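One structure is given below, encoded as C-alpha coordinates.
The values are calculated or read from the model by the stated rules, or taken from the named source; none is laboratory data. All of these numbers come straight from a predicted model, not from anything done at the bench. Counting neighbours? That spans all protein chains shown, and the Cβs are built from the backbone with ideal geometry, glycine included. Just so you know, the surface numbers come from the protein's heavy atoms only, side chains and all, with ligands and any DNA or RNA stripped out. Shrake-Rupley method; radii C 1.70, N 1.55, O 1.52, S 1.80 Å.
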Amino acid sequence: MSHLFSPLTIKDVTLRNRIGVSPMCQYSATDGVPNDWHLVHYGSRATGGAGLIIVEAAAVEPRGRISPEDLGMYSEEQIPAYQRLTAFMKENGAVPGIQLAHAGRKASTHSPFKQQGSEPAVATENGGWDVIGPSALPFAEGYKTPKEATIEEIKEIQEKFRQATIAAAKAGFEWLEFHAAHGYLAHSFYSPLSNKRTDEYGGSFENRIRFTLETAQIMREAWPDHLPFTVRISATDWTEGGWTIEESVELSKRLKALGVDLIDCSTGGNVSDAKIPVGAGYQNTFAERIRNEASIATAAVGLITQGMQADELIRNEKADLILIGREFLRDPYWPLRAATTVHKINDLAIPPQYARGW
Ligand SMILES: Cc1cc2nc3c(=O)[nH]c(=O)nc-3n(C[C@H](O)[C@H](O)[C@H](O)COP(=O)(O)O)c2cc1C
(Lines give C-alpha, C1' and ligand atoms only; values in the text may rest on other atoms or scores of the structure.)
Protein backbone atom coordinates (compact mmCIF):
# COMPACT_ATOMS: atom_id res chain seq x y z
CA MET A 1 0.00 0.00 0.00
CA SER A 2 1.37 3.42 -0.92
CA HIS A 3 1.72 6.07 1.74
CA LEU A 4 2.94 9.67 1.96
CA PHE A 5 6.57 8.62 1.94
CA SER A 6 6.33 6.08 -0.89
CA PRO A 7 8.21 7.13 -4.02
CA LEU A 8 6.14 8.07 -7.04
CA THR A 9 7.40 7.26 -10.52
CA ILE A 10 5.91 8.94 -13.57
CA LYS A 11 7.70 8.41 -16.86
CA ASP A 12 11.46 8.47 -16.07
CA VAL A 13 11.11 10.63 -12.99
CA THR A 14 10.85 9.33 -9.43
CA LEU A 15 9.79 11.59 -6.59
CA ARG A 16 11.25 10.50 -3.25
CA ASN A 17 7.84 10.94 -1.62
CA ARG A 18 4.33 12.16 -2.42
CA ILE A 19 4.84 15.68 -1.13
CA GLY A 20 5.10 18.58 -3.55
CA VAL A 21 5.44 22.31 -3.04
CA SER A 22 2.38 23.83 -4.70
CA PRO A 23 3.28 26.63 -7.11
CA MET A 24 3.21 29.94 -5.23
CA CYS A 25 4.03 33.31 -6.77
CA GLN A 26 6.75 35.10 -4.87
CA TYR A 27 6.28 38.40 -6.71
CA SER A 28 9.99 38.97 -6.33
CA ALA A 29 11.44 38.91 -9.83
CA THR A 30 12.77 41.71 -12.02
CA ASP A 31 12.01 41.32 -15.73
CA GLY A 32 10.87 37.76 -15.04
CA VAL A 33 14.34 36.62 -13.95
CA PRO A 34 14.68 34.51 -10.78
CA ASN A 35 17.20 35.73 -8.22
CA ASP A 36 18.67 34.88 -4.82
CA TRP A 37 15.24 34.99 -3.16
CA HIS A 38 14.05 32.20 -5.42
CA LEU A 39 17.22 30.17 -4.88
CA VAL A 40 16.91 30.34 -1.10
CA HIS A 41 13.13 29.91 -1.07
CA TYR A 42 13.00 26.87 -3.34
CA GLY A 43 16.34 25.59 -2.09
CA SER A 44 15.16 25.45 1.52
CA ARG A 45 12.10 23.45 0.56
CA ALA A 46 14.39 21.00 -1.24
CA THR A 47 16.56 20.58 1.87
CA GLY A 48 13.30 20.35 3.84
CA GLY A 49 12.47 17.07 2.13
CA ALA A 50 9.86 17.84 -0.55
CA GLY A 51 9.77 15.24 -3.30
CA LEU A 52 8.69 17.78 -5.90
CA ILE A 53 8.92 21.54 -6.08
CA ILE A 54 6.72 23.27 -8.60
CA VAL A 55 8.20 26.70 -9.15
CA GLU A 56 5.53 29.39 -9.23
CA ALA A 57 3.65 30.52 -12.34
CA ALA A 58 6.18 31.69 -14.91
CA ALA A 59 4.61 33.70 -17.69
CA VAL A 60 5.20 32.65 -21.29
CA GLU A 61 5.20 36.28 -22.42
CA PRO A 62 5.48 39.59 -20.53
CA ARG A 63 1.78 40.33 -21.17
CA GLY A 64 0.89 37.07 -19.40
CA ARG A 65 2.39 38.08 -16.03
CA ILE A 66 -0.05 38.58 -13.17
CA SER A 67 2.14 41.37 -11.81
CA PRO A 68 5.32 43.15 -12.95
CA GLU A 69 7.27 41.05 -10.39
CA ASP A 70 6.22 37.63 -11.75
CA LEU A 71 8.68 35.11 -13.06
CA GLY A 72 8.89 34.66 -16.82
CA MET A 73 10.04 32.07 -19.31
CA TYR A 74 10.42 34.21 -22.37
CA SER A 75 13.99 35.52 -22.54
CA GLU A 76 17.41 33.96 -22.94
CA GLU A 77 18.61 35.70 -19.80
CA GLN A 78 16.12 33.76 -17.70
CA ILE A 79 17.46 30.29 -18.55
CA PRO A 80 20.83 30.38 -16.69
CA ALA A 81 19.12 31.97 -13.69
CA TYR A 82 16.75 29.00 -13.52
CA GLN A 83 19.62 26.55 -14.02
CA ARG A 84 21.09 27.67 -10.69
CA LEU A 85 17.79 26.82 -8.99
CA THR A 86 17.21 23.49 -10.70
CA ALA A 87 20.77 22.32 -9.99
CA PHE A 88 20.41 23.08 -6.28
CA MET A 89 17.02 21.41 -5.99
CA LYS A 90 18.33 18.27 -7.71
CA GLU A 91 21.47 18.14 -5.57
CA ASN A 92 19.19 18.10 -2.56
CA GLY A 93 16.91 15.33 -3.73
CA ALA A 94 13.90 17.28 -4.98
CA VAL A 95 12.59 17.07 -8.52
CA PRO A 96 12.46 20.59 -9.97
CA GLY A 97 9.17 21.43 -11.64
CA ILE A 98 7.74 24.63 -13.03
CA GLN A 99 4.33 25.97 -13.89
CA LEU A 100 3.98 27.80 -17.20
CA ALA A 101 1.21 30.33 -17.29
CA HIS A 102 -0.58 33.15 -19.03
CA ALA A 103 -2.66 35.37 -16.77
CA GLY A 104 -5.01 36.54 -19.54
CA ARG A 105 -7.56 39.03 -18.23
CA LYS A 106 -6.13 38.84 -14.69
CA ALA A 107 -2.75 40.18 -15.82
CA SER A 108 -1.22 43.60 -15.12
CA THR A 109 -2.21 43.73 -11.45
CA HIS A 110 -0.28 44.84 -8.40
CA SER A 111 1.48 42.11 -6.48
CA PRO A 112 -0.22 41.72 -3.09
CA PHE A 113 2.49 43.41 -1.08
CA LYS A 114 3.01 46.28 -3.53
CA GLN A 115 -0.61 47.34 -3.98
CA GLN A 116 -1.39 50.83 -2.76
CA GLY A 117 -5.05 51.66 -2.52
CA SER A 118 -7.89 49.46 -3.65
CA GLU A 119 -7.30 49.42 -7.42
CA PRO A 120 -5.88 46.01 -8.43
CA ALA A 121 -4.86 46.97 -11.98
CA VAL A 122 -1.47 48.52 -12.70
CA ALA A 123 -2.10 51.40 -15.08
CA THR A 124 -0.11 51.45 -18.30
CA GLU A 125 1.61 54.70 -17.28
CA ASN A 126 2.83 52.98 -14.09
CA GLY A 127 4.39 50.00 -15.83
CA GLY A 128 1.23 48.01 -16.55
CA TRP A 129 0.09 46.74 -19.95
CA ASP A 130 -2.95 45.86 -22.04
CA VAL A 131 -4.46 42.46 -21.32
CA ILE A 132 -6.05 39.80 -23.52
CA GLY A 133 -8.78 37.22 -23.01
CA PRO A 134 -11.43 35.15 -24.76
CA SER A 135 -13.99 37.99 -24.54
CA ALA A 136 -13.93 41.66 -23.63
CA LEU A 137 -15.17 41.03 -20.08
CA PRO A 138 -13.13 42.20 -17.08
CA PHE A 139 -12.60 39.77 -14.19
CA ALA A 140 -14.05 42.23 -11.65
CA GLU A 141 -14.26 45.91 -10.91
CA GLY A 142 -10.85 47.56 -10.98
CA TYR A 143 -9.39 44.99 -13.40
CA LYS A 144 -8.57 45.83 -17.00
CA THR A 145 -11.00 44.96 -19.75
CA PRO A 146 -9.25 42.43 -21.96
CA LYS A 147 -9.03 42.66 -25.70
CA GLU A 148 -10.88 39.75 -27.29
CA ALA A 149 -8.14 37.59 -28.78
CA THR A 150 -8.24 37.05 -32.53
CA ILE A 151 -7.55 33.56 -33.87
CA GLU A 152 -4.13 34.80 -34.94
CA GLU A 153 -3.40 36.06 -31.41
CA ILE A 154 -4.51 32.72 -29.94
CA LYS A 155 -2.01 30.95 -32.19
CA GLU A 156 0.72 33.43 -31.23
CA ILE A 157 0.13 32.78 -27.52
CA GLN A 158 0.19 29.03 -28.11
CA GLU A 159 3.52 29.47 -29.88
CA LYS A 160 4.80 31.28 -26.75
CA PHE A 161 3.76 28.26 -24.68
CA ARG A 162 5.74 26.04 -27.08
CA GLN A 163 8.86 28.19 -26.82
CA ALA A 164 8.57 28.43 -23.03
CA THR A 165 8.24 24.65 -22.78
CA ILE A 166 11.49 24.19 -24.69
CA ALA A 167 13.16 26.81 -22.49
CA ALA A 168 11.92 25.07 -19.31
CA ALA A 169 13.61 21.83 -20.40
CA LYS A 170 16.84 23.75 -21.14
CA ALA A 171 16.63 25.33 -17.71
CA GLY A 172 16.84 21.86 -16.15
CA PHE A 173 13.25 21.34 -15.07
CA GLU A 174 12.07 17.74 -15.01
CA TRP A 175 8.36 18.23 -14.34
CA LEU A 176 6.14 20.64 -16.24
CA GLU A 177 2.76 22.00 -15.27
CA PHE A 178 0.46 23.93 -17.58
CA HIS A 179 -1.51 26.44 -15.49
CA ALA A 180 -5.08 26.10 -16.70
CA ALA A 181 -6.76 27.13 -13.43
CA HIS A 182 -7.69 30.12 -11.26
CA GLY A 183 -9.33 32.28 -13.93
CA TYR A 184 -6.17 32.77 -15.93
CA LEU A 185 -6.17 32.50 -19.70
CA ALA A 186 -6.94 28.80 -20.27
CA HIS A 187 -9.59 28.68 -17.52
CA SER A 188 -11.19 31.85 -18.86
CA PHE A 189 -11.58 30.06 -22.21
CA TYR A 190 -13.17 26.89 -20.81
CA SER A 191 -15.53 28.62 -18.37
CA PRO A 192 -18.79 29.80 -19.96
CA LEU A 193 -18.83 32.71 -17.52
CA SER A 194 -15.83 34.42 -19.12
CA ASN A 195 -16.02 33.06 -22.66
CA LYS A 196 -18.81 34.53 -24.80
CA ARG A 197 -17.19 33.84 -28.17
CA THR A 198 -19.18 32.59 -31.11
CA ASP A 199 -16.27 31.13 -33.13
CA GLU A 200 -14.62 27.72 -32.70
CA TYR A 201 -13.11 28.80 -29.35
CA GLY A 202 -16.42 29.56 -27.64
CA GLY A 203 -19.96 28.37 -27.09
CA SER A 204 -20.13 24.57 -26.83
CA PHE A 205 -18.07 22.53 -24.37
CA GLU A 206 -15.96 21.27 -27.29
CA ASN A 207 -15.19 24.81 -28.38
CA ARG A 208 -14.49 26.18 -24.90
CA ILE A 209 -11.95 23.45 -24.12
CA ARG A 210 -10.23 23.83 -27.50
CA PHE A 211 -7.66 26.40 -26.29
CA THR A 212 -6.64 24.21 -23.34
CA LEU A 213 -6.45 21.01 -25.38
CA GLU A 214 -4.51 22.56 -28.24
CA THR A 215 -2.08 24.27 -25.90
CA ALA A 216 -1.58 21.09 -23.86
CA GLN A 217 -0.89 19.16 -27.04
CA ILE A 218 1.65 21.74 -28.23
CA MET A 219 3.38 21.61 -24.85
CA ARG A 220 3.35 17.82 -24.66
CA GLU A 221 5.00 17.64 -28.09
CA ALA A 222 7.65 20.21 -27.18
CA TRP A 223 8.40 18.65 -23.77
CA PRO A 224 10.66 15.57 -23.58
CA ASP A 225 8.60 12.37 -23.78
CA HIS A 226 10.35 10.83 -20.79
CA LEU A 227 9.44 13.68 -18.41
CA PRO A 228 6.07 14.20 -16.67
CA PHE A 229 3.66 16.76 -18.07
CA THR A 230 0.76 17.84 -15.88
CA VAL A 231 -2.12 20.31 -16.02
CA ARG A 232 -3.62 22.29 -13.14
CA ILE A 233 -7.32 22.89 -13.64
CA SER A 234 -10.03 24.56 -11.62
CA ALA A 235 -12.44 21.66 -11.19
CA THR A 236 -15.39 23.97 -10.55
CA ASP A 237 -16.26 27.66 -10.74
CA TRP A 238 -18.36 27.26 -7.57
CA THR A 239 -20.97 29.34 -9.41
CA GLU A 240 -24.36 28.53 -10.91
CA GLY A 241 -24.04 28.41 -14.69
CA GLY A 242 -20.26 28.07 -14.51
CA TRP A 243 -17.71 25.30 -15.17
CA THR A 244 -18.52 22.03 -13.40
CA ILE A 245 -16.83 18.92 -12.03
CA GLU A 246 -18.58 16.83 -14.69
CA GLU A 247 -16.93 18.96 -17.38
CA SER A 248 -13.61 18.64 -15.52
CA VAL A 249 -13.84 14.85 -15.65
CA GLU A 250 -14.47 14.99 -19.39
CA LEU A 251 -11.65 17.51 -19.94
CA SER A 252 -9.30 15.31 -17.91
CA LYS A 253 -10.10 12.31 -20.12
CA ARG A 254 -9.25 14.36 -23.19
CA LEU A 255 -6.02 15.62 -21.62
CA LYS A 256 -5.05 12.08 -20.71
CA ALA A 257 -5.54 11.04 -24.33
CA LEU A 258 -3.07 13.77 -25.34
CA GLY A 259 -0.39 12.36 -23.06
CA VAL A 260 -0.95 14.41 -19.92
CA ASP A 261 0.34 12.41 -16.96
CA LEU A 262 -1.44 13.99 -14.00
CA ILE A 263 -4.21 16.48 -13.25
CA ASP A 264 -3.56 18.93 -10.43
CA CYS A 265 -7.03 19.56 -9.01
CA SER A 266 -7.63 23.08 -7.78
CA THR A 267 -10.83 25.11 -8.01
CA GLY A 268 -12.22 28.62 -8.43
CA GLY A 269 -10.54 31.88 -9.34
CA ASN A 270 -12.66 32.89 -12.31
CA VAL A 271 -15.47 34.58 -10.37
CA SER A 272 -14.59 37.23 -7.82
CA ASP A 273 -17.59 36.64 -5.55
CA ALA A 274 -17.95 32.84 -5.74
CA LYS A 275 -19.03 31.24 -2.46
CA ILE A 276 -16.25 28.75 -1.83
CA PRO A 277 -16.68 26.36 1.12
CA VAL A 278 -13.10 26.82 2.27
CA GLY A 279 -12.08 24.36 4.98
CA ALA A 280 -9.85 21.36 5.68
CA GLY A 281 -9.12 19.52 2.45
CA TYR A 282 -12.02 21.28 0.70
CA GLN A 283 -10.81 20.41 -2.80
CA ASN A 284 -9.85 16.79 -2.15
CA THR A 285 -13.07 15.27 -3.44
CA PHE A 286 -12.31 16.73 -6.87
CA ALA A 287 -8.94 14.98 -7.00
CA GLU A 288 -10.60 11.74 -5.94
CA ARG A 289 -13.40 11.99 -8.44
CA ILE A 290 -11.16 12.88 -11.40
CA ARG A 291 -8.78 10.06 -10.43
CA ASN A 292 -11.64 7.54 -10.36
CA GLU A 293 -13.73 8.75 -13.27
CA ALA A 294 -11.03 9.86 -15.73
CA SER A 295 -8.54 7.14 -14.69
CA ILE A 296 -5.64 9.54 -14.46
CA ALA A 297 -3.21 10.30 -11.65
CA THR A 298 -4.18 13.37 -9.61
CA ALA A 299 -2.70 15.83 -7.16
CA ALA A 300 -4.82 17.02 -4.24
CA VAL A 301 -4.29 20.56 -2.99
CA GLY A 302 -5.98 23.04 -0.68
CA LEU A 303 -5.80 23.30 3.10
CA ILE A 304 -3.90 20.10 3.58
CA THR A 305 -1.78 20.99 6.58
CA GLN A 306 -1.25 17.82 8.62
CA GLY A 307 0.88 14.78 7.92
CA MET A 308 -1.85 12.34 8.86
CA GLN A 309 -4.34 14.15 6.64
CA ALA A 310 -1.99 13.92 3.66
CA ASP A 311 -1.02 10.30 4.39
CA GLU A 312 -4.68 9.22 4.53
CA LEU A 313 -5.32 10.61 1.03
CA ILE A 314 -2.51 8.53 -0.45
CA ARG A 315 -3.22 5.37 1.56
CA ASN A 316 -6.89 5.37 0.60
CA GLU A 317 -6.10 6.06 -3.07
CA LYS A 318 -7.86 9.41 -3.21
CA ALA A 319 -4.88 11.11 -4.87
CA ASP A 320 -1.38 10.20 -6.06
CA LEU A 321 0.40 13.34 -4.95
CA ILE A 322 -0.18 15.94 -2.25
CA LEU A 323 0.64 19.57 -2.95
CA ILE A 324 1.14 21.81 0.03
CA GLY A 325 0.94 25.57 -0.36
CA ARG A 326 0.76 27.94 2.57
CA GLU A 327 1.91 25.41 5.15
CA PHE A 328 5.16 25.26 3.19
CA LEU A 329 5.48 29.04 3.49
CA ARG A 330 5.28 28.64 7.25
CA ASP A 331 7.55 25.64 7.43
CA PRO A 332 10.07 24.55 4.78
CA TYR A 333 10.71 21.42 6.85
CA TRP A 334 7.10 20.26 6.71
CA PRO A 335 8.06 16.87 5.19
CA LEU A 336 10.53 16.17 8.00
CA ARG A 337 7.87 16.96 10.59
CA ALA A 338 5.21 14.96 8.72
CA ALA A 339 7.58 11.98 8.53
CA THR A 340 7.75 12.00 12.31
CA THR A 341 3.99 12.17 12.80
CA VAL A 342 3.20 9.41 10.31
CA HIS A 343 5.94 7.14 11.72
CA LYS A 344 8.08 7.23 8.58
CA ILE A 345 11.12 9.19 9.69
CA ASN A 346 13.37 6.40 8.41
CA ASP A 347 11.89 6.78 4.93
CA LEU A 348 13.16 10.32 4.43
CA ALA A 349 16.80 11.22 4.03
CA ILE A 350 17.53 14.16 6.31
CA PRO A 351 20.37 16.37 5.01
CA PRO A 352 23.50 15.15 6.86
CA GLN A 353 24.14 18.71 8.03
CA TYR A 354 20.84 18.58 9.94
CA ALA A 355 20.63 14.90 10.89
CA ARG A 356 21.92 15.27 14.42
CA GLY A 357 19.44 17.91 15.31
CA TRP A 358 16.45 15.89 14.30
C1 LIG B 1 1.26 33.36 -2.08
C2 LIG B 1 0.55 32.40 -2.98
C3 LIG B 1 0.87 32.36 -4.32
C4 LIG B 1 0.23 31.45 -5.18
N5 LIG B 1 0.63 31.36 -6.50
C6 LIG B 1 0.13 30.38 -7.28
C7 LIG B 1 0.68 30.13 -8.56
O8 LIG B 1 1.68 30.72 -8.99
N9 LIG B 1 0.10 29.16 -9.31
C10 LIG B 1 -0.96 28.43 -8.85
O11 LIG B 1 -1.47 27.57 -9.57
N12 LIG B 1 -1.45 28.61 -7.61
C13 LIG B 1 -0.92 29.54 -6.82
N14 LIG B 1 -1.34 29.65 -5.52
C15 LIG B 1 -2.30 28.65 -5.00
C16 LIG B 1 -1.52 27.52 -4.30
O17 LIG B 1 -0.70 26.81 -5.22
C18 LIG B 1 -2.49 26.51 -3.64
O19 LIG B 1 -3.24 25.89 -4.64
C20 LIG B 1 -3.43 27.19 -2.65
O21 LIG B 1 -2.72 28.07 -1.81
C22 LIG B 1 -4.17 26.16 -1.78
O23 LIG B 1 -3.26 25.33 -1.09
P24 LIG B 1 -2.87 25.61 0.46
O25 LIG B 1 -4.15 25.64 1.22
O26 LIG B 1 -2.01 24.42 0.82
O27 LIG B 1 -2.16 26.90 0.53
C28 LIG B 1 -0.76 30.58 -4.67
C29 LIG B 1 -1.09 30.64 -3.31
C30 LIG B 1 -0.44 31.52 -2.46
C31 LIG B 1 -0.80 31.51 -1.01
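Worth pointing out:
- Among (1) without any contact (Cβ under 8 Å) to a residue 12 or more places away in the chain; (2) assigned to a helix (DSSP H, G or I), the one test that residue 117 misses: (2)
- Of everything in the stretch 252-272 that is farther than 14 Å from residue 236 by Cα and surrounded by fewer than 21 Cβ atoms within 10 Å (Cβ to Cβ), the residue that is farthest from the ligand (Cβ to nearest atom) is 257.
- Residue selected from the stretch 284-303 under the condition of a type outside the set (Gly, Ala, Ser) and within 16 Å of the ligand (Cβ to nearest atom), by the criterion farthest from the chain's Cα centre (by Cα): 285
- Restricting attention to the stretch 20-62, the residues being among the acidic types (Asp, Glu) and within 11 Å of the ligand (Cβ to nearest atom) number 1.
- The stretch 180-201 - residue that is open to solvent by 10 Å² or more (accessible area, probe 1.4 Å) and within 16 Å of the ligand (Cβ to nearest atom) and, of those, farthest from the chain's Cα centre (by Cα): 184
- Residue in the stretch 90-111 that is part of a helix (DSSP H, G or I), basic (Lys, Arg), open to solvent by less than 20 Å² (accessible area, probe 1.4 Å) and touching a Leu at 6+ places or on another chain (Cβ under 8 Å) present: yes
- Checked against (1) within 12 Å of the ligand (Cβ to nearest atom); (2) surrounded by fewer than 23 Cβ atoms within 10 Å (Cβ to Cβ); (3) of a type outside the set (Val, Ile, Thr); (4) assigned to a helix (DSSP H, G or I), residue 281 meets all criteria but (4).
- Output for the stretch 287-300, where each listed residue is open to solvent by less than 20 Å² (accessible area, probe 1.4 Å) and of a type outside the set (Gly, Ala, Ser): 290, 296, 298
- Pairing residues of the stretch 322-342 that are in contact (Cβ under 8 Å) with a residue 24 or more places away in the chain and assigned to a helix (DSSP H, G or I) with residues that are aromatic (Phe, Trp, Tyr) and surrounded by fewer than 23 Cβ atoms within 10 Å (Cβ to Cβ), at Cβ distances under 7 Å and at least 6 apart in sequence or on separate chains, gives 336/358.
- Some residue of the stretch 143-157 being under 22 Å from the mean Cα position of the chain (by Cα), open to solvent by 40 Å² or more (accessible area, probe 1.4 Å) and within 16 Å of the ligand (Cβ to nearest atom): no
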